[in-house]
Amino acid sequence: SLIRKLFNMPFKASIIISFYNKFDWLKLVLKALERQTEKQFEVIIADDGSKESVVGAIHEYIQTSSLSIQHLWHPDTGFLKTTMLNKAIVASKSEYLIFIDGDCVPHKNFIEDH
């Protein structure tokens, strides 16, 4: 679109995943995103203060994934999900935002259907 060209936005969509500590679930979500029919998207994990071991597991996953993934994190100082979602919006590189939770496994045409 014109906005994507004007602002040099390389992706058609940003998938913003709200997340906290449940890496096994997040891994299922990411695996499903790797199988999407539409490939021109980025993933932003909006992490509301997961434990250090979980953060490490996410970073290991990012190293081997075919997806373009940003992991945004802040310390756990209470339920600040919306703060992290706002940070993810600012960090996005597309004009189209799709929000999902870290336990919602999308079907293979999820992004294309949007």
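The values are calculated or read from the model by the stated rules, or taken from the named source; none is laboratory data. Note that the structure is a prediction, hence the values are computed from the model and not measured. Cβ atoms come from the backbone with ideal geometry, glycine included; neighbour counts cover every protein chain shown. What goes into the accessible areas is simple: the full protein's heavy atoms, side chains included, and nothing from ligands, DNA or RNA. Shrake-Rupley method; radii C 1.70, N 1.55, O 1.52, S 1.80 Å.
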Anything in the range 72-114 that is modelled with pLDDT under 95, open to solvent by 40 Å² or more (accessible area, probe 1.4 Å), part of a loop (DSSP other than H, G, I, E, B) and under 19 Å from F11 (Cα atoms)? List them, or say none. K93, E95, Y96, H114
Filter result (in a strand (DSSP E or B) and either open to solvent by 40 Å² or more (accessible area, probe 1.4 Å) or of a type in the set (D, E, K, R) (or both)) within the range 56-71: Q70
Output the residues belonging to the range 33-55 that are crowded, with 16+ Cβ neighbours inside 10 Å and either within 18 Å of I98 (Cβ to Cβ) or in contact with a helix residue (DSSP H, G or I) (Cβ under 7 Å, 6 or more places away or on another chain) (or both). L33, Q36, F41, E42, V43, I44, I45, A46, D47, D48, V54
Checked the range 19-55 for anything under 23 Å from E95 (Cβ atoms) and in a loop (DSSP other than H, G, I, E, B); matches are Q36, T37, E38, K39, Q40
Would you call Q70 in contact with a strand residue (DSSP E or B) (Cβ under 7 Å, 6 or more places away or on another chain) and not β-branched (V, I, T)? yes
